[in-house]
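We did not get these values from a lab; they are worked out from the coordinates using the rules stated. Just so you know, these numbers come straight off a predicted model, no measurement behind them. Here Cβ is always computed from backbone atoms with ideal geometry, including for glycine, and neighbour counts include all displayed protein chains.
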Amino acid sequence: MPDTSGVLLADRPTGFGPLFTHATIVTMTQHTSVATLHTNHGAIKINLFGNHAPKTVANFEGLATGEIEWKDPRNGATQTGKPLYNGVIFHRIIQQFMIQGGDPTGTGMGGPGYQFGDEIHPELNFNEPYKLAMANAGPGTNGSQFFITTAATGWLLGKHTIFGEVADEVSKKVVDKIENVDTDGRDKPLDDVIIESITIEKV
């Protein structure tokens with residue numbers, strides 16, 4: 001059975017999520033580190049919220065740097081000291097929704113060989129675009145796959161762990177550029193959008 005630890009079940013939006021009052025809108029500025037995704041379309045800086053989602057941020061950082069051991073779903077080999085995300089593509093892109101990556105197989109069915117629980121924090125929401133969140137196949141099935149929203153996606157609230165936010169306008173323009181690449185009928189880019197590496201800077 002394929003590892004579905006990172007499969008994002010939320011599909012194309014079919015309606016609007018619940019309306020939010022002004023009081024629920026939070027500016028998420030308390031970040032603990034900055035991840036820079038170096039892609040073949042430019043760099044994306046993301047503020048990571050380790051105080052809000054400590055397990056998720058530690059997992060993402062560890063897979064990005066190679067400090068966490070993981071199992072390659074393509075051959076079952078245990079990888080130690082090897083960054084998971086280097087060379088991985090954004091395999092699923094839907095305009096006005098999100099860009100998704102983090103699967104070593106590039107199919108949407110792979111992960112790191114383990115799963116961990118959700119961290120839903122009440123201060124974090126999907127009211128605005130450019131949120132970084134974990135893809136999953138249901139509660140407690142987080143792995144390595146993640147997505148960056150490109151629109152308000154309120155219907156995802158409580159279903160996916162938010163653990164970061166795109167940091168600046170230059171990075172948002174890179175996300176916009178990736179969002180608008182040509183894709184096939186399964187939302188996969190016709191030309192690979194590649195994460196060449198991810199660097200982590202503590203603040």
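Each of Ile200, Ile68 was scored by other Cβ atoms within 10 Å of its Cβ. Listed from fewest to most, they are Ile200, Ile68.
The modelled label-to-label distance between Asp184 and Ile200, using points 7 Å beyond Cα along the C-beta direction, is 3.4 nm. The ranking of Arg92, Arg186 from fewest to most other beta carbons within 10 Å of each one's beta carbon is Arg186, Arg92. For the chain, DSSP calls about 95 percent of its internal beta bridges antiparallel. Taken as Cα centroids, the stretch 156-203 and the stretch 118-151 sit 12 Å apart, rounded to the nearest whole angstrom.
Note: relative contact order over the stretch 32-202, using C-alpha pairs below 8 Å and six or more positions apart, is 32 percent.
Using 0.36 nm per residue and subtracting the Cα-Cα separation, the extra length available between His121 and Lys55 on full extension is 22.5 nm. Placing +1 on the Cβ of every Lys and Arg and -1 on the Cβ of every Asp and Glu, with no other charges, gives the chain a dipole of roughly 160 debye about its Cα centre.
Each label point was placed 7 Å from the Cα along the Cα-to-Cβ direction; for Lys177 and Arg74 their separation is 2.6 nm.
Ellipsoid semi-axes for the stretch 32-202, based on the Cα gyration tensor and the rule √(5λ), read 21, 19, 16 Å when sorted largest first. Within the same chain, lysines fewer than 8 places from Lys71 are excluded, and of the rest, those with a Cα less than 17 Å from its Cα are Lys82. Compared with the alpha-carbon gap, the fully stretched path from Tyr114 to Glu128 is longer by 2.0 nm at 0.36 nm per residue. Largest mean-square fluctuation among Gly117, Gly76, Gly140, in a Gaussian network model of the chain whose springs join Cα atoms under 10 Å apart, belongs to Gly76. Sorting Tyr130, Tyr114, Tyr85 from the fewest to the most surrounding beta carbons within 10 angstrom yields Tyr114, Tyr130, Tyr85.
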